[in-house]
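Undergrad: The structure that follows is given in the form of structure tokens.
What follows draws every value from the coordinates through simple rules; no lab data is involved. What you see is a predicted model; the values in this text were computed from it and never measured. FYI the Cβ positions are ideal-geometry reconstructions off the backbone, even for glycines, and counts take in every protein chain you see.
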Amino acid sequence: MSQQSINIADIRMDYILAALDEETAGSDPFLFFNTWFREAEAAQITEINAMTLATAGADAAPHARIVLLKGLDDRGFVFFTNYDSAKGADIAANPQVALLFFWKELERQVRIEGKIEKIPESDSDTYFQSRPIGSRIGAWASPQSSEIPHRHILETNFAKYENEFSGIEIPRPPHWGGFVVVPNKIEFWQGRSSRMHDRILYTKTTNKDWVRSRLAP
Ligand SMILES: Cc1cc2nc3c(=O)[nH]c(=O)nc-3n(C[C@H](O)[C@H](O)[C@H](O)COP(=O)(O)O)c2cc1C
């Protein structure tokens, strides 16, 4: 390590941009998520839809990776992936997952926990056809999460499918599609000075109402 490198333990930041109170957060966490998402958009933060997806499969070990939020509907948070991937195997064994957004420019974090389901095939078809052609071919060419001996395999696969689907509509691979995370907890975190952050948690009750509470930072 270089002698000039800064001491990691000395990296710290005081959060001063905003506060979060119950009145602002309101009673509907979906509506409030939309408000924060729009504010992140207005702040011109890049990749505001990048979120960490945490899963724990048959081995009960947590695994986390970034995926892109592609929709928010009445049920929850939608993303697309390869159903045969490592995350797909985790989800098949255990549908309880967590999502995490960190919009550092706004000193905000959103934590989401819930149960995941596949979206209807017709919705996956519609989204798949909206993707750029290269991404559609890529979904066929990449056996996501499988070990491959060399990058060359990907390029050979890509060329093979490019040729196979030349001049015809590229069908959605059966192993590729969307998931929706149906939340039972959504927590909004706003950084505040001296680590006295604001945390507003929404928990879904058995009769599907949201109950709001405040957590200590
Ligand atoms: C910014 C960013 C966006 C990504 N978006 C997706 C996505 O939407 N879907 C996906 O399957 N993988 C996405 N990935 C790749 C995943 O992080 C991960 O490498 C891949 O899904 C394999 O994960 P798994 O082996 O745990 O299944 C993205 C990665 C980054 C850094």
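Undergrad: According to the Cα gyration tensor, what semi-axes, each the square root of 5 times an eigenvalue, does the equivalent ellipsoid of region 4-58 have, listed from largest to smallest in whole Å?
TA: Its equivalent ellipsoid spans semi-axes of 27, 21, 14 Å.
Undergrad: Using the Karplus equation 6.51 cos²θ - 1.76 cosθ + 1.60 (θ = phi - 60°), what ³J(HN,Hα) coupling, rounded to whole Hz, does each residue of region 47-63 give in order, writing x for Gly and Pro?
TA: Using θ = phi - 60°, the values come out as 6, 5, 8, 7, 9, 7, 10, 10, 10, 9, x, 4, 7, 6, 7, x, 10 Hz.
Undergrad: Placing +1 at every Lys and Arg Cβ and -1 at every Asp and Glu Cβ, with all other atoms neutral, what dipole size does region 11-137 have around its Cα centre, in debye to the nearest 20?
TA: Dipole about the Cα centre, nearest 20: 480 debye.
Undergrad: Moving to a separate point now. Count neighbours as other Cβ atoms within 10 Å of each site's Cβ, and list the GluC sites (Glu not before Pro) in region 133-199 that are DSSP loop with at most 10 such neighbours.
TA: When the GluC sites (Glu not before Pro) of region 133-199 are filtered for loop state and at most 10 Cβ neighbours within 10 Å, GLU147, GLU169 remain.
Undergrad: Choose one of GLY167, ALA93, SER213: the residue whose Cα lies farthest towards the positive end of the charge dipole of the chain (beta-carbon charges +1 Lys, Arg; -1 Asp, Glu; about the Cα centre).
TA: SER213
Undergrad: Relative to the first principal axis of the alpha-carbon coordinates of the chain, what is the inclination of helix 152-164, with its axis defined by its Cα atoms, in degrees from 0 to 90 and to the nearest 10?
TA: Tilt relative to the chain: about 70 degrees.
Undergrad: If you take all C-alpha pairs in the chain, what percent of them are over 28 Å apart?
TA: 42
Undergrad: Right, here's the next one. Tell me the Kirkwood radius of region 135-175: reciprocal of the mean inverse pair distance over distinct alpha-carbon atoms, in Å.
TA: Value: 10.7 Å, from the Cα pair sum.
Undergrad: Which whole-Hz ³J(HN,Hα) couplings does region 209-216 yield from phi under the Karplus relation 6.51 cos²θ - 1.76 cosθ + 1.60, θ = phi - 60°, glycine and proline marked x?
TA: Each residue of region 209-216 in turn: 8, 9, 10, 9, 9, 10, 10, 5 Hz.
Undergrad: Now for a separate question. Could you size up the charge dipole of region 1-54 around its Cα centre, putting +1 on the beta carbon of Lys and Arg and -1 on that of Asp and Glu, and report it in debye to the nearest 20?
TA: Around 280 debye, computed over region 1-54.
Undergrad: Once amide H atoms are placed 1.01 Å from N in the peptide plane, what residues at a sequence separation of 5 or more from TRP176, or on another chain, have their amide H within under 5 Å of its amide H?
TA: TYR83
Undergrad: Moving on to the next point. Write down the radius of gyration of region 53-121 and its Dmax, each obtained from C-alpha positions, in Å.
TA: Cα-based Rg and Dmax for region 53-121 come out at 12.5, 37 Å.
Undergrad: For the chain, set up a Gaussian network in which alpha carbons nearer than 10 Å are linked by springs, and say which option among HIS152, HIS175, HIS197 fluctuates the most.
TA: HIS152
Undergrad: Here's something else I'd like to know. If you put +1 on each Lys and Arg Cβ and -1 on each Asp and Glu Cβ, how big is the dipole of the chain around its Cα centre, in Debye rounded to 20?
TA: 340
Undergrad: Could you work out which residue, out of GLN109, GLN44, GLN96, moves most in a Gaussian network model of the chain, that is, has the largest mean-square fluctuation with Cα springs under 10 Å?
TA: Answer for the Gaussian network model of the chain: GLN44.
Undergrad: Which of the lysines could a cross-linker bridge to LYS115, judged by Cα under 26 Å and excluding same-chain residues fewer than eight apart?
TA: LYS115 reaches LYS70, LYS87, LYS185, LYS204, LYS208.
Undergrad: Another one. For the chain, modelled as a Gaussian network with Cα springs under 10 Å, which listed residue fluctuates most, GLY138, GLY88, GLY178?
TA: Checking each option, the largest mean-square fluctuation is seen for GLY138.
Undergrad: Hey, another quick one. What would the Debye formula give as log10 I(q)/I(0) at q = 0.09, 0.13, 0.21 Å⁻¹ for the alpha-carbon point model of region 106-217, no solvent?
TA: Evaluating at q = 0.09, 0.13, 0.21 Å⁻¹ gives log10 I(q)/I(0) of -0.47, -0.74, -1.07.
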